[in-house]
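The values are calculated or read from the model by the stated rules, or taken from the named source; none is laboratory data. All of these numbers come straight from a predicted model, not from anything done at the bench. Counting neighbours? That spans all protein chains shown, and the Cβs are built from the backbone with ideal geometry, glycine included.
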Amino acid sequence: MKKGVLVFTMFTVMFIFCAFINAQAPEKAKIVFSHKVGDNDDSMEIFAMDTDGKNIQRLTNNQVFDDRAAWSPTGRKIAFQSKRDGTDGIYVMDADGKNVQRLTNDPKGAYCPIWSPDGKKIAFETYRDLNYEIYIMDADGKNLRNLTNNPATDLTPTFSPDGSKIAFVSNRNNQNGIYVMDINGKNVEILTAMGFDGYPAWSPDGRKIAFVSERDGLPNIYVMDNDGKSQIRLTDENIVGYWPAWSPDGRKIAFLSEPQWTFDILVMDADGKNPVNLTNSNEWEWITPQCWFDPAFIAVSSAGKFITTWAWIKQGR
């Protein structure tokens, strides 16, 4: 078989496979977020919108606290936390808000779900041990396991793009900062601790981690190398920034800002330039590191090895 035919065949098979796994995913790039509805402070609902802030679609409607929504790697599912059954738990639903399933059931609560890059695991924080720990479970809620098992407070896990590491926030060793560990909870290392550093988010290529720091007074968005070096502030000192999230192509960063004592969703270039407010809602909103989905950048995994999709090839990546 000629090389050109072989390459074309590989791309064709990859395209068909990507189309199959993407059958129920959004057809264009979307940002999923939670938004306060009505006068009840506990009423947060989940919405999705285009990446320019248009075409907002409501996905949940329960008059309860639905929050911290995260796209699955294929875009077919959304994990989130909810109080709909009385205590905070981790749930999943289809991308259109249908077929809601509860994954955790613990009176102490479970929060901040995040998908592994292969979509087989979900990490989250929980108070089930009377201390905030990071747990991991199968995507169907089975096989729960404590990864941190530390008397400190451990919060907001997020997977590295290759699935080998988890970044999280902890106050262990009297240092409030960002740590990384292997996916089995071993080899914990501190990356940064300067006052309050939190809300880590890996760049799509795994080389950078965006985060929030109050080292200059107000919370701002910073970025650093994945080993903690070269820490640079991205947002203007007058912009309060929380919980960054990279676009799948690594060119943009979405984040929360607090212009009028409420959180709006902004998007800026990855170097901090050209911030644009997408929502301007004057209501509370929230995003997670996995709030941004683009069907052109689906990572198809097999035994932990990632295949680059056609969209990456077209852009020369």
Taking the range 130-171 and the residues there that are among the small types (Gly, Ala, Ser) and more than 15 Å from the chain's Cα centre (by Cα), the one that is surrounded by the fewest Cβ atoms within 10 Å (Cβ to Cβ) would be Ser164
Which one is nearest to Lys28 (Cα to Cα) among residues in the range 293-317 that are at pLDDT 50 or above and aliphatic (A, V, I, L, M)? Ala296
Just to be sure I understand the filter: pairs with C-beta atoms under 6 Å, separated by 6 or more residues or on different chains, first member in the range 121-148 and closer than 13 Å to Lys108 by Cα and modelled with pLDDT of 95 or more, second member assigned to a strand (DSSP E or B) and of a type in the set (S, T, N, Q). Which pairs pass? Glu133/Asn146
Hey, could you check the range 221-242 for residues that are at pLDDT below 95 and closer than 21 Å to Trp284 by Cα and say which is surrounded by the most Cβ atoms within 10 Å (Cβ to Cβ)? Gly241
The correct count of residues that are hydroxyl-bearing (Ser, Thr, Tyr) and either outside any strand (DSSP E or B) or more than 18 Å from the chain's Cα centre (by Cα) (or both) in the range 88-128 is 3
Candidate set: the range 95-108, residues that are farther than 15 Å from Arg68 by Cα and of a type in the set (D, E, K, R); chosen: the one surrounded by the fewest Cβ atoms within 10 Å (Cβ to Cβ): Lys98
Given the conditions (1) in a loop (DSSP other than H, G, I, E, B); (2) within 19 Å of the chain's Cα centre (by Cα); (3) modelled with pLDDT of 95 or more, every one holds for Phe47 apart from (1)
Among the candidates Ile56, Ile31, single out the residue that is under 19 Å from Thr279 (Cα atoms) and surrounded by fewer than 21 Cβ atoms within 10 Å (Cβ to Cβ). Ile56
Go through the range 63-78 and give me each residue that's of a type in the set (Ser, Thr, Tyr) and surrounded by fewer than 21 Cβ atoms within 10 Å (Cβ to Cβ). Ser72
Considering Asp236, Asp227, Asp249, Asp216, which residue is in a loop (DSSP other than H, G, I, E, B), under 17 Å from the mean Cα position of the chain (by Cα) and farther than 21 Å from Arg68 by Cα? Asp249
Evaluate the following for Ile134: is it in contact with a Pro (Cβ under 9 Å, 6 or more places away or on another chain), closer than 21 Å to Gly250 by Cα and either part of a strand (DSSP E or B) or among the hydrophobic types (A, V, I, L, M, F, W, C) (or both)? no
Pairs where the first residue, in the range 199-217, is touching a residue at least 12 places away in the same chain (Cβ under 8 Å) and the second is charged (D, E, K, R) and in a loop (DSSP other than H, G, I, E, B), C-beta under 8 Å, 6+ apart: Pro204/Asp249; Gly206/Asp162; Asp216/Glu237; Gly217/Glu237
Please go through the range 172-196 and give me each residue that is surrounded by fewer than 16 Cβ atoms within 10 Å (Cβ to Cβ) and under 27 Å from Phe80 (Cβ atoms), ordered by number. Asp182, Asn184, Phe196
Among residues belonging to the range 79-90 that are surrounded by fewer than 22 Cβ atoms within 10 Å (Cβ to Cβ) and either touching a residue at least 24 places away in the same chain (Cβ under 8 Å) or not charged (D, E, K, R) (or both), point out the one that is farthest from Ser116 (Cα to Cα). Gly86
Of all strands (runs of 3 or more DSSP E) completely enclosed by the range 150-207, which ones contain at least 1 residues that are more than 19 Å from Arg68 (Cα to Cα) and out of contact with any Ser or Thr (no Cβ under 6 Å at 6 or more places or on another chain)? 165-170, 177-182, 189-192
How many residues are more than 20 Å from Lys208 (Cβ to Cβ) and at pLDDT 95 or above when one looks only at the range 279-292? 0
